[in-house]
1. So which residues in region 615-642 are open to solvent by less than 70 Å² (accessible area, probe 1.4 Å), part of a loop (DSSP other than H, G, I, E, B) and touching a helix residue (DSSP H, G or I) at 6+ places or on another chain (Cβ under 8 Å), if there are any at all?
2. From the list TYR187, TYR246, TYR211, pick out the single residue that is touching a residue at least 40 places away in the same chain (Cβ under 8 Å), farther than 30 Å from GLU570 by Cβ and in contact with a strand residue (DSSP E or B) (Cβ under 6 Å, 6 or more places away or on another chain).
3. Suppose we filter region 190-231 for residues that are modelled with pLDDT of 95 or more, under 22 Å from the mean Cα position of the chain (by Cα) and assigned to a helix (DSSP H, G or I); how many remain?
4. Could you run through region 11-43 and say how many residues are in contact (Cβ under 8 Å) with a residue 40 or more places away in the chain, over 44 Å from the mean Cα position of the chain (by Cα), assigned to a strand (DSSP E or B) and farther than 13 Å from GLN78 by Cα?
5. Just to be sure I understand, how many residues within region 437-464 are open to solvent by 30 Å² or more (accessible area, probe 1.4 Å), assigned to a helix (DSSP H, G or I) and more than 27 Å from ILE329 (Cβ to Cβ)?
6. Is it fair to say LEU304 is over 23 Å from TYR187 (Cα atoms), in contact with a helix residue (DSSP H, G or I) (Cβ under 9 Å, 6 or more places away or on another chain), at pLDDT 95 or above and assigned to a strand (DSSP E or B)?
7. Kindly indicate the residue of region 647-677 that is open to solvent by 30 Å² or more (accessible area, probe 1.4 Å), of a type outside the set (D, E, K, R) and touching a residue at least 40 places away in the same chain (Cβ under 8 Å) and also farthest from THR507 (Cα to Cα) among those meeting that condition.
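The values are calculated or read from the model by the stated rules, or taken from the named source; none is laboratory data. Since this is a predicted model, take the numbers as computed values, not measurements. Here the Cβ is made from the backbone with ideal geometry for all residues, glycine too, and neighbour counts use every protein chain on show. Note: areas computed on protein heavy atoms with side chains; ligands, DNA, RNA excluded. Shrake-Rupley method; radii C 1.70, N 1.55, O 1.52, S 1.80 Å.
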Amino acid sequence: MSVARLAAVQCADPFSLLSWQSGETKGLLLRCYLPDALQVEALELGTAKSLGLFVACKELHGLFELELPRKRKTCLYQLKVTLGSGHCYVLTDPYQFREQAYYAVHYVNSLPENLYMQLGAQLVEFEQDKHLIKGTRFSVYAPNASSVSLIGDMNHWDGRRHPMQRTECGHWVLFMPDIAAGVRYKYEIKDSTGTLLPHKSDPLAFAAEQYPSHASLVYDHSSYQWRDQRWQTRKMDGYHQPMSIYEVHLGSWKYNSKNEPLTYLQLIDQLIPYVLDMGYTHIELLPVMEHPYTGSWGYQPLGLFAATSRYGSPDQFKAFVDACHQAGIGVILDWVPAHFPEDGHGLARFDGSCLYEYEDPRKGWHPDWNSCIYDYGKDYVRQFLVASALYWFDHFHVDGLRVDAVASMLYLDYSRRAGEWIPNIDGGNHNYEAISLLKWLNSEVYSRFPNGMMIAEESTSFAGVSRPVDAGGLGFGYKWNMGWMNDSLRYISKDPAYRKYHHNDLTFSMVYAYHENFILPLSHDEVVHGKGSILGKMPGDEWQQAANLRAYYAFMYAHPGKKLNFMGNEFGQGTEWNHNQQLPWFLLEFDKHKGIQQLVRDLNLTYRKVAALHELDHEAVGFRWLNYQDSEHSTLSFIRQDSEQQRLYVVANFTPVPREGHVLPVTEAGEYEVILNTDSAYYWGSNYPVIVRLDNLQGTGATAPYQLRLDLPPLSTLYLRRKPE
């Protein structure tokens, strides 16, 4: 009989078998399947009036039927279930809510955000037959499955109890009355051959548990009341405003008294005041999207719609973002649409087929990270990824997403040898599907969230990454300047005696500085996997290492482009970053590290206060070399200026030899002052005296009518300006 499919957990159309059906005598039939029940009685919802006792079906254990007279009308009802132990409980039969279940997929395909507004576990309430019904509507996309069951706290994780209904578009749906926030659930899926797959977490879960369950949780987004209205309605002009980003891994920034990572609420009390004190404008968090393996730092996510529960609930993460905004700090999240791990509870072979990933491993498997690559040619996958990006702006009020590993998306031969990749239709190595997705992604984000930021971690010379889509670009707002980072770190790690042979490493970045809207990153990638710390890259003895670092940081802050610095860099962490322990905060007991931290604090404050350092970051008029050719002495000098032509003069000496009488051409007479000197004793420097003298060269034929003569301290960077009259 067809109802035998219920016991075999092979039922794709439970609405055709359960709840109200046509009886054999043309009357009404109520049918339910409760494998653990001894006796079942139907009660009219609201009155508890008995509709009658069900009769157990002899052919199928657990199947109960109740014949009702022809004149009887359907009504909402509950089931009073008696177990063999004698225990009784009452439930509202979910299979009487066919229309509410199907409602989930009515509008899914029209807009990307409809995925997180309709699918997953949606808390809903509605009126039916004059009754207010509350519960959760579950919906999941698994077009190649032969059956899907909802399992969880509501049914003792028994896949027989709640088979879901398949829709024509490949979604599986079921409305469960009386299911509230906090209930755990998963999906029990059988593939097209009827083979049972590992229990799957909800790809659109809004909250999840950690190992070993990895269970999804019903969550109520309306439970948090935002208080950041002033921040959300502020006027934004990001390209002309300062942006100094503090990159943070929440699990290892600082531990609490239990020797555990700080929770979201504890971070409100400790991280936000620290960031404010240090003068940063933004916090960038390594991925907080739920991920199974802590050691991935979040870069192997499976919950693209769930904030990790390692540090608290979704409401508590919202409270953290809210508190950042109220303090005037922006929040950027790292986001990973390039790949995902193949853990059994996740997206890999989700319904028995390669639903989310490319099937051919030459496109669908990432050799660097041993993970699956999203199939960017599938409409659902594209909508899924765009919906995830919109979700974090919409529900968590984030200010930006830094998109990880963009280069691996753009190139079909990324980290592959000949024969290990499939060319595109034109025989080239560009992934047209990924390029199309990124353009759509950025267009959707900026059209809905004009104040938002989309930032690309893209390490190649792919053209137009941060140029508008309608101008032929990918549409990102910013791009990490990996070229500057690699070149400048290579230079500064050299012994000063050899730097004159590598001077071009410092100056070359200005050749392409305005090709993109750049952010200068000193990120977590530069302090892991045997690379050591930023301080550890510096040559020389202890004093020279610190002096090199201070001079380098000041050069970075003066160079065109927004700034990013990974946690621990700001006080000169000596060892490589370890995600399994907190930062070595004890180092601040030592003057060297306190000096480095104070310099970074002063750099942030100067950078924010002096418009010349940030206002024209992306316009050539904001920068001019004074001397970039002094490779013999490893010095360089340049001007930064703002839209009012207020100038800041920058001069750097990257050798441990003081340079007396260094000449700096200027165009204005007056008194000049040093406003920042990385060699100051305040920063643990040598306090070498800087004597600034102005020479009048008018009438001598010099290019500039004046010149400054000053003595450059060893391993230092100076900021100078003309004193206001």
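1. GLU615, LEU616, ASP617, HIS618, SER631, SER634, ASP642
2. Details: TYR246 fails: farther than 30 Å from GLU570 by Cβ; TYR211 fails: in contact with a strand residue (DSSP E or B) (Cβ under 6 Å, 6 or more places away or on another chain).
Result: TYR187 is the single residue among TYR187, TYR246, TYR211 that is touching a residue at least 40 places away in the same chain (Cβ under 8 Å), farther than 30 Å from GLU570 by Cβ and in contact with a strand residue (DSSP E or B) (Cβ under 6 Å, 6 or more places away or on another chain).
3. Counting residues in region 190-231 that are modelled with pLDDT of 95 or more, under 22 Å from the mean Cα position of the chain (by Cα) and assigned to a helix (DSSP H, G or I) gives 1.
4. Qualifying residue count, region 11-43: 4.
5. Summing the residues that are open to solvent by 30 Å² or more (accessible area, probe 1.4 Å), assigned to a helix (DSSP H, G or I) and more than 27 Å from ILE329 (Cβ to Cβ) in region 437-464 gives 3.
6. Details: over 23 Å from TYR187 (Cα atoms): no; in contact with a helix residue (DSSP H, G or I) (Cβ under 9 Å, 6 or more places away or on another chain): yes; at pLDDT 95 or above: yes; assigned to a strand (DSSP E or B): yes.
Taking the combined requirement at face value, the residue does not satisfy it.
7. Narrowing region 647-677 to residues open to solvent by 30 Å² or more (accessible area, probe 1.4 Å): 647, 656-660, 663, 665, 667-671, 673-675.
Checking which are of a type outside the set (D, E, K, R) leaves us with 656-658, 663, 665, 667, 669-670, 674-675.
Now narrow it down to the ones that are touching a residue at least 40 places away in the same chain (Cβ under 8 Å): 656-658, 663, 665, 670, 674-675.
Details: PRO656: 20, VAL657: 21, PRO658: 21, VAL663: 19, PRO665: 19, GLY670: 29, VAL674: 23, ILE675: 24 Å.
Among those residues, the one meeting the criterion is GLY670.
This table checks each residue for (1) modelled with pLDDT of 95 or more; (2) farther than 21 Å from TYR553 by Cβ; (3) among the hydroxyl-bearing types (Ser, Thr, Tyr).
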| residue | (1), (2), (3) |
| --- | --- |
| ARG640 | yes, no, no |
| PHE654 | yes, no, no |
| GLY661 | no, yes, no |
| THR667 | no, yes, yes |
| GLU671 | no, yes, no |
| TYR682 | yes, no, yes |
| ASN687 | yes, no, no |
| VAL692 | no, yes, no |
| GLN698 | no, yes, no |
